Amino acid sequence: MTDQRRPVHLAILVGVSASAYAGSLAFVTTLQSATDASITAQREPIRAAADAIAAGHSELEAAVVEAARRYGLVGDQYGALLPEFTQVEASLDALATTTAKVSNSAQALPTRVSLPKVVAAPRITRVAAPASHATTGASGG
């Protein structure tokens, strides 16, 4: 008789053991889930700050990209102006040469020039022309 009951007890023992194991796993999972939820709630301000930093980083990156684009445009415009800068430089060099010549000529002039003394000019008096009553042979008169 004991042989017939033995397999049923083993099946019940295995079932109870599996149930106890499943129950303990469910309990541990519930504890772990509660702990994870608590940690997530505690870390929420850090996540919000990290999101704000990431958004600021994205804005900064966009500003840097735009600045690099503008810098490239300005560099291209500057490159286009280089021939004109060369012409201006040549003109300034010519002006500097001319200015140096004028300065040297001005420095060669005497600092003081003696002018001759002005003597009073003689006075000129006008004498009236003598009246003439002569007649000519010309017509009209």
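The values are calculated or read from the model by the stated rules, or taken from the named source; none is laboratory data. Everything quoted here is computed from the prediction, not taken from an experiment. As a convention, Cβ positions derive from the backbone with ideal geometry for all residues, glycine included, and neighbour counts pool all protein chains shown.
May I ask you to verify whether Glu61 is assigned to a helix (DSSP H, G or I), charged (D, E, K, R), loosely packed, with under 10 Cβ neighbours inside 10 Å and modelled with pLDDT of 85 or more?
Answer is no for this residue.
Within the group Ala41, Ala55, which residue is in a helix (DSSP H, G or I) and surrounded by 10 or more Cβ atoms within 10 Å (Cβ to Cβ)?
From the options Ala41, Ala55, the qualifying one is Ala55.
Ala49: aliphatic (A, V, I, L, M) and at pLDDT below 90, yes or no?
no
For the stretch 3-20, indicate whether the set of residues that are within 31 Å of the chain's Cα centre (by Cα), surrounded by 10 or more Cβ atoms within 10 Å (Cβ to Cβ) and either assigned to a helix (DSSP H, G or I) or at positive phi (or both) is non-empty.
Within the stretch 3-20, none of the residues are within 31 Å of the chain's Cα centre (by Cα), surrounded by 10 or more Cβ atoms within 10 Å (Cβ to Cβ) and either assigned to a helix (DSSP H, G or I) or at positive phi (or both).
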